[in-house]
Amino acid sequence: MKAWIIGDSFGVPNITSKWYDKANSEFYQGLLPGNDIVKGNEWTKQVAESLGYEYSIATNFSSRGCSNESILHKIDWLLDNMFNSEDILIIIPTTSNRFMYKDLKHIKQFKFDNIEEIHMPTAGGVNTHIPVIDEYNTLHRDHNYEEYKMISTFDKLLSHLKLHKIKYLFCPGMWTCKQDQDSNFLEGYTPTNIDLTFPAYDIGLEADKDYAENLLKRKINAEEKWIYDHFAVADLYTNHMTHIGNNTYAEAVIEWFNDK
Amino acid sequence: MRAWVVGDSFGTPCLTTDIWAEGNTNYYNDILPDDSVVQGTEWTKQVAESLGYDYNALFNLSHPGCSNDYILHNIDWILNNDSFDKEVDMIMIIPTNSSRFMYRSEQRGINKNIFKFMDNKTPHLSTAGSHITGDSTIDEYQALYRDHEFEYYKAISMYDKLLAFLSLYDIDYMFCPGFWVGNQVATIAGYKPQFIDIEFPAYEIGFGADIEHYKKQHDQFFYIRQGIEDHEKVYYDYPISDLYSNHFTQIGNNAYANAVIDYIKSKS
């Protein structure tokens with residue numbers, strides 16, 4: 001009974017990121033936890049094990065900065081290949097603004113069976129400095145429409161899993177985070193399988209902010225907020241949370257699961 | 001028992017197009033049938049009625065030149081519409097070329113170019129992918145930066161999941177990938193869709209029937225196949241398929257409908 005994890009950075013095994021050392025020494029007074037504490041503490045592992053599934057890094061196919069296209073491709077591949085009927089699929093969708101485009105300097109052919117590396121770079125979450133891609137993303141994509149398409153696509157995927165009696169846990173923690181924009185454009189559309197009461201990542205991120213303030217023994221005040229944002233705890237760990245954030249978020253997900 | 005039809009131009013009700021009169025007079029010796037003959041002969045209608053469903057052009061949401069995004073949105077719209085009776089109605093789905101995609105060609109405005117799920121009939125964005133848009137960013141993005149094999153895989157996978165959804169909820173459907181089997185026969189090595197059958201009849205059956213029928217009445221018609229005379233270009237600029245909204249005359253529609261009905265019988 002294995003747990004297969006497919007998602008974006010929030011799904012990856014947790015270690016410190018490349019910005020950790022600088023931020024920890026310059027802003028957090030060397031108080032933030034290192035790999036000896038956070039490694040192996042990811043919420044995905046905690047949730048999978050609490051449900052009775054084996055978790056291993058080898059069955060975690062999550063990838064930082066990836067798009068939903070990449071996540072859906074990996075799911076298709078997994079279902080056609082290594083997934084067994086007693087296993088569970090933990091799906092962690094990402095933001096709908098990401099999309100893949102050809103790298104003209106290193107064009108790689110799409111091969112369904114090649115999931116080791118994503119065959120194209122991803123735009124939407126970062127500026128690519130390729131004028132056509134950045135302009136297309138900024139001016140020509142309808143981000144509300146992309147959001148609707150993403151929800152609809154995952155909703156159909158979940159039907160596919162249900163139909164084939166494949167156990168899954170769908171974790172749209174990114175989608176349920178606090179957002180400024182309204183979602184009136186979705187009025188009239190009711191997804192059938194997606195539960196938007198799933199715990200938001202804000203739960204883990206807020207727990208970490210409180211944790212950081214406790215370590216510093218003071219509130220991070222408004223004047224230094226830009227520094228905090230720049231050196232946000234979320235950027236210092238691969239899955240965006242310390243062990244505190246991961247523990248808190250895992251508990252929220254397990255509680256949600258038990259409620260359901 | 002109503003048939004709801006959603007697809008690209010091949011799914012639309014059959015009428016002559018805006019270039020029919022010119023094409024018919026200048027290049028086909030006025031032998032081609034007009035609206036009085038072709039209207040109401042669309043293969044979708046014939047197939048739906050042969051399966052026992054009521055067909056009405058009002059419930060045909062197909063749109064010429066649209067993308068699969070548009071088609072999938074309209075299917076969701078139907079499924080979320082109280083007029084759709086999930087117990088007895090049927091959705092006929094006609095996917096299109098995966099190269100097409102939608103893009104914003106103009107700035108958002110008040111009630112303009114804004115996506116609202118309930119506004120389904122008119123695409124709120126422009127569609128690119130099968131013609132030059134004249135917008136250099138869009139055309140360059142389409143030509144250089146899109147991976148068309150990946151787009152094709154994504155389209156197949158998305159429709160396969162949609163069909164799983166319809167199967168799970170016992171919603172009757174008919175999936176008609178006539179475009180894919182005609183033009184994109186390539187299968188995706190390693191990927192096995194669960195519900196999509198690429199043995200579905202190709203549109204070439206209807207095209208072939210039209211050409212065979214009308215070339216008997218037009219002594220220069222064979223040039224479309226031989227393509228060696230200077231004036232054969234007219235048949236490429238004004239092929240019969242461009243003179244009718246769903247690309248067939250009544251002859252092509254009848255032939256294609258029969259092929260689809262035979263296919264259904266062979267599968268049942």
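How high is the relative contact order of region A:1-153, in percent, counting Cα pairs under 8 Å that sit 6 or more residues apart? Numbers along the way, then the final one.
Numbers: 191 pairs, mean separation 44.1, N = 153.
Normalised by residue count, the contact order of region A:1-153 is 29 percent.
When chain A is treated as a GNM, springs tying every alpha-carbon pair under 10 Å, which of A:182, A:36, A:103 comes out with the largest mean-square fluctuation?
Result for chain A, Cα springs under 10 Å: A:182 fluctuates most.
Can you compute the helix-only [θ] at 222 nm over chain B? Use -39500 (n - 2.57) per DSSP H run of at least 4 residues, normalise by all residues, nearest 500 deg cm²/dmol.
Computed mean residue ellipticity for chain B: -11000 deg cm²/dmol.
Exposure proxy check: A:22, A:167 ranked by fewest other beta carbons within 10 Å? Walk me through the numbers on the way to the answer.
Working: A:22 11, A:167 17.
Final ranking by Cβ density, sparse to dense: A:22, A:167.
Mind checking region A:176-260 for GluC sites (Glu not before Pro) that DSSP puts in a loop (not H, G, I, E or B) and that have at most 16 other Cβ atoms within 10 Å?
Numbers: sites: A:187, A:206, A:213, A:223, A:224, A:251, A:255; in loops: A:187.
Those satisfying the criteria are A:187.
Relative contact order for region B:3-267: what percent, with Cα pairs under 8 Å and sequence separation of 6 or more?
Result for region B:3-267 is 29 percent.
For peptide A:106-116, what's the mean number of Cβ atoms from other chains within 10 Å of each residue's Cβ? Display every interim value, and only then the final one.
Working: counts 0, 2, 1, 3, 9, 6, 10, 4, 1, 1, 0.
Rounded to a whole number, the mean comes out at 3.
In region A:1-93, what GluC sites (Glu not before Pro) fall in a loop by DSSP, with at most 11 other Cβ atoms inside 10 Å?
Those that pass, being in a loop and sparsely packed, are A:86.
If each residue's Cβ is checked for other Cβ atoms within 10 Å, how do A:174, B:90, B:102 rank with the fewest at the top?
Placing the least packed residue first, the sequence is A:174, B:90, B:102.
Quick one: among A:18, A:217, A:45, which has the greatest mean-square fluctuation in a GNM of chain A with alpha-carbon springs under 10 angstrom?
Evaluated over chain A, the most mobile residue of the options is A:217.
So which of A:45/A:167; A:45/A:111; A:2/B:192; A:209/A:260 end up more than 25 Å apart, counting from Cα to Cα? Could the numbers behind the result be given before it?
Details: A:45/A:167 16 Å; A:45/A:111 30 Å; A:2/B:192 23 Å; A:209/A:260 29 Å.
Cα-Cα > 25 Å for A:45/A:111; A:209/A:260; rest within.
Please give the calculated 222 nm ellipticity per residue for chain A, where each DSSP H segment of at least 4 residues contributes -39500 (n - 2.57) and the sum is spread over every residue; nearest 500 deg cm²/dmol? Each step should come with its number before you reach the end.
On the way: 9 runs with 96 residues, N = 260.
Result for chain A: -11000 deg cm²/dmol, rounded to the nearest 500.
How big, in percent, is the set of alpha carbon pairs in region A:3-259 lying more than 24 Å apart?
Above the 24 Å cut-off, region A:3-259 has 52 percent of its Cα pairs.
Please enumerate, by chain and number, the lysines with C-alpha under 19 Å from the C-alpha of residue B:45, excluding those fewer than 8 residues away in the same chain.
Correct list for residue B:45: B:265.
For a quick check: sort A:260, B:116, A:105, B:86 by the number of other beta carbons within 10 angstrom, fewest at the front.
Numbers: A:260 8, B:116 17, A:105 5, B:86 13.
By the 10 Å Cβ count, ascending: A:105, A:260, B:86, B:116.
List the equivalent ellipsoid semi-axes of the protein assembly as shown in whole Å, largest first, each obtained as the square root of 5λ for an eigenvalue λ of the Cα gyration tensor.
They are 50, 25, 21 Å, listed from largest to smallest.
Could you tell me which of A:82, A:96, A:72 has its Cα farthest along the dipole of region A:53-98 towards the positive end, charges placed at Cβ (Lys, Arg +1; Asp, Glu -1), taken about the Cα centre?
Final value for the positive-end residue is A:96.
Rounded to the nearest 20 debye, what is the charge dipole size of chain A about its Cα centre when +1 sits on each Lys and Arg Cβ and -1 on each Asp and Glu Cβ?
Dipole magnitude for chain A comes out near 460 debye.
Using a cut-off of 17 Å between alpha-carbon atoms, which aspartates and glutamates can reach residue B:86, once sequence neighbours fewer than 8 places away in the same chain are excluded?
Partners found: B:54, B:76, B:170, B:172.
Which residue fluctuates the most in chain A, going by a Gaussian network model with Cα springs under 10 Å, if the choices are A:64, A:98, A:141?
So, out of A:64, A:98, A:141, the one fluctuating most is A:141.
Give the aspartates and glutamates whose C-alpha is closer than 20 Å to that of residue A:225, dropping any in the same chain fewer than 8 places away, or say none.
The reachable aspartates and glutamates, counting only those whose Cα sits under 20 Å from residue A:225, are A:21, A:26, A:180, A:202, A:206, A:208, A:210, A:213, A:235.
Any idea what % of Cα-Cα pairs in chain B are farther than 30 Å?
Here the tail beyond 30 Å accounts for 33 percent of pairs.
None of the figures in this text is laboratory data; all of them are computed from the coordinates on show. It should be emphasised that the depicted structure is a prediction, and the values quoted were computed from it without experimental measurement. Methodologically, a virtual Cβ is constructed for each residue, glycine included, from the backbone with ideal geometry; neighbour enumeration extends over all protein chains shown.
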